[in-house]
Amino acid sequence: MAIPAHTPDDTFVQLLTPEGERVENADFPLDIPDDELRSLYRDLVLVRRIDAEATALQRQGELGLWAQLLGQEAAQVGAGRALISGDMAFPTYREHGVAWCRDVDPLRLLGLFRGTTNGGWNPADHGFALYAIVTGDQCPQAVGYAMGLQHDAAENAAMVFFGDGASSQGDVNESFIWASVFNAPVVFFCQNNQWAISEPLERQTRIPLFQRAWGFGFPGVRVDGNDVLACLAVSRQMMQRARDGAGPALIEAFTYRMGAHTTSDDPTRYRLDTDVEAWRLRDPLERVRSFLHKQQLVDDGFFAELDNEAELLAQRLRDGVRALPDPSTEEMFAHAYAEPHALVERQRDEYAQYLADFVAEDA
Amino acid sequence: MTQTLTMVRAINAGLRCALESDPKTMLMGEDIGRLGGVFRVTDGLQKDFGEQRVIDTPLAESSILGAAIGLAMRGYRPVVEIQFDGFVYVAFDQIVSQLAKMHARSAGQVKMPVTVRLPFGGGIGAVEHHSESPEAYFAHTAGLRVVTPSNPVDAFHLVQQAVASDDPVIFLEPKRRYWDKAEVDTAAAPALPMGAARVVRSGTDVTLVSYGPMVRTCLEAAAAAEGDGTSIEVVDLRSLSPLDTDTVTASVRRTGRCVVAHESTVFLGLAAEIASAVAEECFFELESPVLRVGGFHTPYPPSRLERHYLPDLDRVLDAVDRSLAY
């Protein structure tokens with residue numbers, strides 16, 4: 001029995017080439033106003049700036065760790081901007097760009113990586129669930145949430161993010177089955193960034209990831225993950241399809257992790273600089289910048305103003321992260337349970353007394 | 001209204017009340033709908049509350065928990081059934097890493113009112129993976145509550161309290177006591193809050209602590225010992241997290257002796273925690289060391305051997321005798 005022929009990497013939906021040329025796709029038309037184009041570019045720039053600043057803050061010892069998104073800005077902004085009010089995004093720990101689109105203050109993300117909180121935002125306030133650090137766990141949760149949307153007859157859908165590494169997890173595959181059999185309004189958005197820390201895509205799959213969808217009974221689409229327009233168009237269409245009751249879909253955003261897995265990682269041990277260089281030519285920001293230029297949709301002032309805005313944002317994050325207070329020991333105990341728990345209360349009181357005794361001794 | 005109910009029917013009645021009182025309550029699990037569950041605990045509930053609220057799921061325990069978490073985020077109050085104790089481990093990650101921690105992760109903004117119903121324990125002649133006692137894993141995990149009824153009356157009330165709790169609750173159903181019967185007043189308010197233990201038999205010579213399926217064994221042991229002139233006080237813990245140590249230590253202060261019995265392996269089991277609490281709180285009142293009776297540090301044996309593995313009346317009384325002889 002023959003295994004289906006190899007699908008070339010560039011078999012994907014693309015609306016804006018790396019050279020900044022607009023191309024059409026009959027299945028995924030996108031009519032986008034100039035204002036929105038400028039605003040998408042603004043998001044890309046600011047998200048990249050947040051990522052760069054956070055990386056620097058980690059190097060300066062202000063963060064314990066940072067998971068970089070460099071190279072994945074278009075995938076995240078394209079998907080994030082396809083969500084509407086009432087939709088719920090289920091992120092991994094790298095979805096800083098989606099968080100930005102859902103109005104989660106980047107300082108909250110920095111707090112998580114600084115160690116002042118394990119999250120702390122309310123998903124309901126932002127349509128953005130808490131970061132999931134165990135890869136794949138968020139997928140069945142997204143399906144459950146989508147089943148709730150379905151039960152409520154809400155005209156919304158969930159979108160769940162994961163990577164090529166997590167695509168091997170049982171929970172991810174289980175969630176495909178659940179979404180399929182319950183026809184749940186959920187879109188699986190897989191950022192295939194080619195690497196799971198040091199493991200290449202070939203260690204996770206023998207077929208293109210998007211093709212797995214059919215085996216589970218719903219459509220899969222591969223999109224140029226470095227093309228924000230394509231990511232937006234495909235995500236919008238699949239989310240609307242889910243909201244309309246047509247069920248789940250899998251989007252594989254074909255992209256590249258330009259940075260390390262996290263600031264603790266050293267990619268020089270397992271991949272070639274030449275590969276990274278090749279992907280640099282497909283940069284998600286440059287193509288939009290080039291398009292805006294060529295179409296004369298912006299003047300020089302636009303870019304200067306945006307650079308300035310990015311610098312101000314970076315400054316706010318620098319100042320903000322250094323000013324983040326360490327949580328009180330009380331907070332460790334405060335939310336272990338929603339309702340009173342005698343053991344936790346006793347330990348809280350005993351530890352407070354223990355600390356108070358030191359203060360008394362020092363006095 | 002008082003009815004004679006088995007524990008199966010009592011839990012069924014409790015779930016029915018939970019479904020009636022809160023439209024956000026949903027049941028999910030394998031075979032819980034048309035079949036009514038392999039033990040028939042959910043019998044008739046899908047017929048009465050519909051397929052939207054009583055849901056037969058794919059055979060994927062991890063996702064049963066994951067989906068319940070997502071539904072809870074959406075404002076639902078899911079009650080999930082894991083068909084057998086030995087099947088819960090594939091859902092362990094969702095329970096320990098997600099369900100137990102979501103409330104803290106959100107700084108108290110996301111509630112996880114999820115009940116995990118889990119038939120547990122041995123004694124029914126089952127094949128491997130159908131007789132386990134995993135309670136210590138869950139009681140050890142901060143963020144979870146763990147309760148287990150020993151009789152139909154408690155089962156009726158505890159299951160409703162578990163569903164009503166805004167915290168995740170592991171609700172352990174002692175499957176070999178599923179068919180025990182009792183008079184259950186389904187109109188009565190619960191006599192105790194969910195986290196409280198109960199002295200189920202008063203005595204003066206030794207405190208015998210247990211929970212779930214072993215409570216009946218302990219009561220039978222106490223009745224047998226009475227004939228020999230030994231007065232045993234039996235404490236039914238009911239809740240394993242939080243643990244009502246006050247009720248236990250108050251009893252031990254009266255009797256001066258303590259034996260703890262459970263099916264689960266004694267090594268690092270609940271009995272060790274009880275022994276520690278008693279030693280700490282009742283050091284000067286104790287006449288003898290706290291003794292433990294429980295399963296051996298072996299995998300649960302083939303069922304033809306389970307009568308040796310499960311502590312019976314004689315092994316419990318043997319420990320009581322050793323405590324008294326000390």
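Every number here is computed from the coordinates shown, using simple stated rules; none is lab data. None of the values given here were measured: they were computed from a predicted structure. For neighbour counting, all protein chains shown are included, and Cβ atoms are generated from backbone atoms with ideal geometry for every residue, glycine included.
Among the residues of B:141-153, the average count of other protein chain beta-carbon atoms within 10 Å of the residue beta-carbon is 1. With all projection directions averaged, the alpha carbon convex hull of region A:317-363 covers 4.9 nm². With contacts taken as Cα pairs under 8 Å at a separation of at least 6 residues, region A:97-163 carries a relative contact order of 21 percent. Amide H contacts under 5 Å for A:G220: A:W214, A:L250, restricted to partners 5 or more places along the chain or on a different chain, H placed in the peptide plane at 1.01 Å from N. Picking from B:I274, B:I32, B:I124, which is most flexible by a Gaussian network model of chain B using Cα springs under 10 Å? Judging by the Gaussian network model, the answer is B:I124. All Cα-Cα distances of region A:222-341, cut into 5 Å bins from zero to the largest, leave 2, 8, 9, 10, 12, 14, 14, 14, 10, 5, 2, 1, 0 percent in each bin in turn.
Only helices at least 20 Å long along their own axis, judged from Cα atoms, and with Kyte-Doolittle mean hydropathy of -1.0 or greater: name those in chain A from DSSP H. Flagged H segments are A:34-59, A:228-243, A:300-323, A:342-362. 3J(HN,Hα) along region B:231-244, derived from phi through the Karplus expression 6.51 cos²θ - 1.76 cosθ + 1.60 where θ = phi - 60°, amounts to 9, 9, 9, 10, 10, 9, 5, 6, 10, 9, 8, x, 9, 7 Hz, with x in place of Gly and Pro.
What Kirkwood hydrodynamic radius do you get for the protein assembly as shown when you take the inverse of the mean 1/r over all pairs of distinct Cα atoms, in Å? Answer for the protein assembly as shown: a Kirkwood hydrodynamic radius of 27.6 Å. Shielding value for A:122-132 is 3, the average number of Cβ atoms from other chains within 10 Å of each residue's Cβ. In order along region B:116-127, the Karplus-derived 3J(HN,Hα) couplings, from 6.51 cos²θ - 1.76 cosθ + 1.60 at θ = phi - 60°, round to 10, 7, 9, x, 9, x, x, x, 10, x, 8, 6 Hz, and Gly and Pro are given as x. The packing ranking, built from the mean of other Cβ atoms within 10 Å per residue, places the peptides B:294-307, A:112-125 in the order A:112-125, B:294-307, highest first. The alpha-carbon atoms of region A:1-124, seen along their principal axes, cover 49, 46, 31 angstrom, with the largest extent given first. Ranked by the mean number of other Cβ atoms within 10 Å of their residues, highest first, the peptides A:316-329, B:190-203 come out as B:190-203, A:316-329. Per residue, the convex hull spanned by the alpha carbons of region B:182-262 comes to 99 Å³. Couplings 3J(HN,Hα) of region A:183-196, computed from phi: 6, 6, x, 9, 10, 8, 10, 9, 8, 7, 9, 6, 9, 10 Hz, in residue order, whole Hz [Karplus 6.51 cos²θ - 1.76 cosθ + 1.60, θ = phi - 60°; x for Gly and Pro]. For n ≥ 4 DSSP H runs only, could you compute -39500 (n - 2.57) per run for chain B, divide by its residues and tell me the 222 nm figure to the nearest 500? Result for chain B, helices only: -10000 deg cm²/dmol.
Per the Kirkwood formula applied to alpha carbons, chain B shows a radius of gyration over Rh ratio, Rg over Rh, of 0.97. Annotation: the antiparallel percentage among DSSP beta bridges lying fully within chain B is about 25. Build a GNM of chain A with springs between Cα atoms under 10 Å: which of A:F333, A:F254, A:F189 gets the top mean-square fluctuation? Checking each option, the largest mean-square fluctuation is seen for A:F333. According to the Cα-based calculation, Rg over Rh for region B:198-325 is 0.95, with Rh computed by the Kirkwood formula.
For chain B, the relative contact order comes to 16 percent (Cα pairs under 8 Å, sequence separation of at least 6).
Only Cα sites of region A:34-323 enter the Debye sum here, all with the same form factor; the resulting log10 I(q)/I(0) across q = 0.09 1/Å is -0.40, listed in q order. For chain A, the relative contact order is 23 percent, taking Cα pairs closer than 8 Å that sit 6 or more residues apart in sequence and dividing their mean separation by the residue count.
A Gaussian network model of chain A, with springs between Cα atoms under 10 Å, assigns the largest mean-square fluctuation among A:R287, A:R206, A:R81 to A:R206. With only Cα atoms counted, region A:109-206 has Rg and Dmax values of 14.8, 43 Å. The A:E24 and A:R203 beta-carbon pair, evaluated with R₀ = 35 Å, returns a calculated FRET efficiency of approximately 0.45.
Compute log10 of I(q)/I(0) for region B:2-185 with the Debye formula, placing one identical point scatterer on every Cα and leaving out solvent, at q = 0.08, 0.16, 0.19 Å⁻¹, to two decimals. So the normalised log intensities are -0.21, -0.92, -1.34. Look at the stretch A:197-206: the mean tally of other chain Cβ atoms within 10 Å of its residues' Cβ atoms is 0. Calculated mean residue ellipticity, 222 nm, chain A: -14500 deg cm²/dmol, from DSSP H runs (n ≥ 4) at -39500 (n - 2.57) each, averaged per residue and rounded to 500. Distance between the pseudo-spin-label points of B:D48 and A:V359 (7 Å out from Cα toward the beta carbon): 5.5 nm.
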